[in-house]
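Structure, as structure tokens:
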Amino acid sequence: MKSVSSKTFDFVNHELEVDKIIRSKFNDSQMSNAKWKKLFMLISVNCSEIYAIWKFIDSDSDGVGLIGSPEISELEDTYINHKFWFGPRYYKEIQWLSFPKIVKKAGFENVPVCNTVQNTDFLLNELNKVGHWPIEETNNGFTIFGHR
């Protein structure tokens, strides 16, 4: 697929490609646009400093890295309008988000790598107050699935 940052990026063709990937790779889609938006709004209000590992449907890796949550102003009806290093993305492109209890943050030139503990139990409790989610709990936090 073309880079989202391309000046000639074709959103219509990109969405058709996304839909084709979803149909060919997954049996079940478990999150709607509204549900993803609700999740990110809840995170932004209650846990804005929490980090997640993002997995997109077109990614061959097991996750694309730890990054914070988008802000409410970046949540559109069908996509996240955020300047992540991977560009804006449709909600339906999210295969899963994993929220680890222990985050290993990379160091810088004179700063060593450190482990940070996140309160994923708080986030999980807040989520359960406002809806039912396709969640799988793990030893190191939990994962929310968009597609399986």
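The values are calculated or read from the model by the stated rules, or taken from the named source; none is laboratory data. Every value quoted in this text rests on a predicted model; they were computed, and no experiment measured them. Every residue, glycine as well, gets a Cβ built from its backbone with ideal geometry; the counts of neighbours run over all protein chains shown.
Rundown of residues vs (1) under 19 Å from residue 71 (Cα atoms); (2) among the hydroxyl-bearing types (Ser, Thr, Tyr); (3) touching an Asp or Glu at 6+ places or on another chain (Cβ under 8 Å), yes/no style:
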position	(1), (2), (3)
23	no, no, no
26	no, no, no
29	no, yes, no
37	yes, no, yes
41	yes, no, no
44	yes, yes, yes
47	yes, no, yes
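When residue 86 is tested against (1) crowded, with 19+ Cβ neighbours inside 10 Å; (2) in contact with a strand residue (DSSP E or B) (Cβ under 8 Å, 6 or more places away or on another chain); (3) at pLDDT below 95, just one condition goes unmet, and that condition is (1).
Among the residues of the range 45-54, at least one is in a helix (DSSP H, G or I) and over 19 Å from residue 136 (Cα atoms).
Among the residues of the range 9-33, which ones are surrounded by fewer than 11 Cβ atoms within 10 Å (Cβ to Cβ) and either hydroxyl-bearing (Ser, Thr, Tyr) or within 19 Å of the chain's Cα centre (by Cα) (or both)? Answer for the range 9-33, where residues must be surrounded by fewer than 11 Cβ atoms within 10 Å (Cβ to Cβ) and either hydroxyl-bearing (Ser, Thr, Tyr) or within 19 Å of the chain's Cα centre (by Cα) (or both): 24, 28. For first residues located in the range 1-24 and under 17 Å from residue 91 (Cβ atoms) and modelled with pLDDT under 90, partners that are part of a helix (DSSP H, G or I) and of a type in the set (Asp, Glu) and lie 6+ apart or on another chain with Cβ distances below 9 Å form the pairs 1/17. Considering the range 44-53, the residues that are hydrophobic (A, V, I, L, M, F, W, C) and either touching a Ser or Thr at 6+ places or on another chain (Cβ under 7 Å) or at pLDDT 90 or above (or both) include one that is nearest to residue 23 (Cα to Cα), namely 53.
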